[in-house]
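Novice: If you scroll down you'll find the structure; I have some questions about it.
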Amino acid sequence: MTAVTSDAVSWRIQGAVYGLGLFNTSIFQIASVIVPLYAATMNPSPLMFGLVFSAGHLLPLFLSIHTGALIDRLGARQVMLVCTMIGAVVPLFYPTVSWIWALVILQMFFGMSESMGWLGAQTMIGQYMHGKTHYAGRLSFIIRIGQLAAAPMAGAAWDLGGPWGAFALLSLWAFGAVACALWLPPQEVDPTSPASAPGPRAKLQALLPTAADYLTAFRLLHVPAVVIIVLLGALMHVGNAVQGSFYVAWLNDVGFTGTAIGLLSPAAAVAAALFSLLTASAARLFGGLWVALVSLWSGILLICVTPLLGSYLLLQIAMFVRSGTNGLAQPLVITLVLRSAGRENQGKAIGLRGTANRVASILSPLAMGALAEVAGLEAAFYLVGAAASIVMAGIAIFLWRRPDVAKAGEH
């Protein structure tokens, strides 16, 4: 795949990439409201209810690296067109099913589309925008706008139109991502790529997973900076997994209403959007990896001290700062891994990071649940925070001793 080489990035390209990020991340917010409501109508067991949401991570766990490799070979535009079309069509099947296992299958394909769409938007920061941090900061800012509007729209669509109205909204919103992918200028396929070979058989083989792609992706772990960034990204998802599961359960147990819990989100989205605009300046002052490390460490600690926050005001403040730190770090986690991996492996690098994120998203709630079974839920918060802090401290010591790694990917 031949990347865009001009230093100037047109607003057409920027708008398409930012739009892909906005629609692909906010369809997750819409689905997180309407899919639980629809699943509840089937009266599943708690185990099956949990499986519905774990299913969305399964295909991305195994196909993130392959999708990244396809992006490297074919360009992000072609891959995104396929992924976004899947995301636009699959929601229309949800209201037609009444069997919980059918819902699990639909979740697998919809989760793949949503995850791969976000993976592609991140890779485009490298392919179209030269891996510049300020573009990644703008992307991080704009996706929060979608998150502000998505959940209220989803709730209103469900109340007014039921399952058909809600999933029609989800499909329509996902078609916004299709439109953005179409708006991107075509990319030239590398003539040495298998995708350029004549004949349908050769083109089909170019689309299939290969062991070489996975080996190339995992060889990137020989680069210390890539290891650090992938690990930091996974740790960010540890905090996110806690927030999306036991954090809500704790607030519910201590007596907060669903409305009160939901009202923690808008301020958090605003904080993440605002802080993301400061990323480039902070990275220039303190170094990208150091900013990412301190920000993400702070974010995990702020979610893990939840049992100590006895008032709603303190919870709001903690969530505002936590989301701000995540917003500050997210553009760096994207751009530093792109630069450290090299132009020819950017898709694979984002795929590798996506795989690590999925592992963290699947295992973190399970591990915290096991800790809660043994020591109680309050202690589980503190133990997760302690374990994450040990890892973060180890990373800090390594970066202090290896300033060459700490500066990797900054230019």
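The values are calculated or read from the model by the stated rules, or taken from the named source; none is laboratory data. Source: prediction; values computed, not measured. All Cβ positions, even for glycine, are placed from backbone atoms using ideal geometry, and neighbour counts span all protein chains on display. The protein model used for the area step is the full one, side chains on, heavy atoms only, and it has no ligands, DNA or RNA in it. Shrake-Rupley method; radii C 1.70, N 1.55, O 1.52, S 1.80 Å.
Novice: Using a Förster distance of 56 Å, how high is the FRET efficiency between residue 373 and residue 11, based on the Cβ-Cβ distance and rounded to 0.05?
Specialist: Working: r = 53 Å, r/R0 = 0.94.
The formula returns an efficiency of 0.60 here.
Novice: Based on Cβ point charges of +1 for Lys and Arg and -1 for Asp and Glu, what charge dipole magnitude is obtained for the chain about its Cα centre, in debye rounded to the nearest 20?
Specialist: 800 debye
Novice: Right, something else. Using 0.36 nm per residue of separation minus the Cα-Cα distance, give me the extension gain between residue 317 and residue 278 in nm, one decimal.
Specialist: Values: separation 39, 0.36 × 39 = 14.04 nm, distance 1.92 nm.
Full-extension gain reported as 12.1 nm.
Novice: So, with +1 on the Cβ of K and R and -1 on the Cβ of D and E, and no other charges, what is the size of the charge dipole of region 1-154 about its Cα centre, to the nearest 20 debye?
Specialist: Numbers: 6 positive and 3 negative charges, 51 e Å.
The calculated dipole for region 1-154 is roughly 240 debye.
Novice: Which Cα, out of 227, 27, 299, lies furthest along the positive dipole direction of the chain (beta carbon charges, K/R +1, D/E -1)?
Specialist: In the chain, that residue is 227.
Novice: Shifting gears a bit: Could you tell me the convex hull volume per residue, in Å³, taken over the Cα atoms of the chain?
Specialist: On the way: hull volume 57.2 nm³, N = 411.
Taking the convex hull of the Cα positions in the chain, it is 139 Å³ per residue.
Novice: Let me ask something else about it. Check every DSSP H run in the chain and write down those whose alpha carbon atoms cover 15 angstrom or more along the long axis and whose mean Kyte-Doolittle hydropathy is 0.5 or greater.
Specialist: Working: long enough: 11-40 (43 Å, 1.04); 58-74 (24 Å, 1.28); 76-89 (20 Å, 1.55); 100-127 (40 Å, 0.94); 133-183 (41 Å, 0.94); 224-243 (29 Å, 1.81); 264-276 (19 Å, 1.71); 288-304 (24 Å, 2.15); 312-341 (43 Å, 1.07); 346-375 (42 Å, 0.61); 377-401 (37 Å, 1.66).
Long hydrophobic helices here: 11-40, 58-74, 76-89, 100-127, 133-183, 224-243, 264-276, 288-304, 312-341, 346-375, 377-401.
Novice: Let me ask another. Kirkwood Rh, region 136-188, all Cα pairs: how many Å?
Specialist: Details: mean 1/r = 0.0783 Å⁻¹.
It is 12.8 Å.
Novice: Along the charge dipole of the chain, which of 163, 62, 405 sits closest to the positive end, that is, farthest toward it, with unit charges on the beta carbon of Lys, Arg, Asp and Glu (+1, +1, -1, -1)?
Specialist: 405
Novice: Just the accessible area per residue of the chain, please: how many Å² with a 1.4 Å probe? Write out the running numbers ahead of the final one.
Specialist: Values: 17560 Å² over 411 residues.
Heavy-atom accessible area per residue stands at 43 Å².
Novice: I'd like the FRET efficiency for residue 305 and residue 263, computed as 1/(1 + (r/R0)^6) with the beta carbon distance as r and R0 of 25 Å, rounded to 0.05. Please list the in-between numbers first.
Specialist: Values: r = 20 Å, r/R0 = 0.81.
Result of the calculation: an efficiency of 0.80.
Novice: Describe numerically, in nm with one decimal, the distance between label points set 7 Å from Cα along Cα→Cβ at residue 100 and at residue 183.
Specialist: Output for this residue pair reads 4.1 nm.
Novice: Related question: Return the Rg/Rh ratio of region 279-366 with Cα-based radii and a Kirkwood Rh.
Specialist: On the way: Rg = 15.4 Å, Rh = 14.6 Å.
Here Rg/Rh amounts to 1.05.
Novice: On to the next question. Set Lys and Arg Cβ to +1 and Asp and Glu Cβ to -1, take the dipole of the chain about its Cα centre, and tell me which of 15, 83, 383 lies farthest positive.
Specialist: After comparing all options, I get 15.
Novice: A follow-up question, please. Could you order the peptides 91-102, 285-296 from most to least packed, using the average number of other C-beta atoms within 10 Å per residue? Mind dumping the intermediate values first?
Specialist: Numbers: 91-102: 15.1, 285-296: 20.7.
Going by the mean number of other Cβ atoms within 10 Å, highest first, we get 285-296, 91-102.
Novice: Calculate what fraction, in whole %, of the accessible area of region 309-411 sits on carbon and sulfur atoms when a 1.4 Å probe is rolled over the protein chains. Numbers along the way, then the final one.
Specialist: Details: 3090 of 4450 Å².
Answer for region 309-411: carbon and sulfur cover 69 percent of the accessible area.
Novice: Here is a further query. Given the peptides 171-181, 151-161, arrange them by the average over their residues of other C-beta atoms within 10 Å, most packed first. If you can, show how the numbers build up before the last one.
Specialist: On the way: 171-181: 21.5, 151-161: 16.6.
Highest to lowest by the protection proxy: 171-181, 151-161.
Novice: Given charges of +1 on the Cβ of Lys and Arg and -1 on the Cβ of Asp and Glu, with all other atoms neutral, how large is the dipole of region 251-361 about its Cα centre, in debye to the nearest 20? The partial results should precede the final answer.
Specialist: Working: 7 positive and 2 negative charges, 86 e Å.
Dipole magnitude for region 251-361 comes out near 420 debye.
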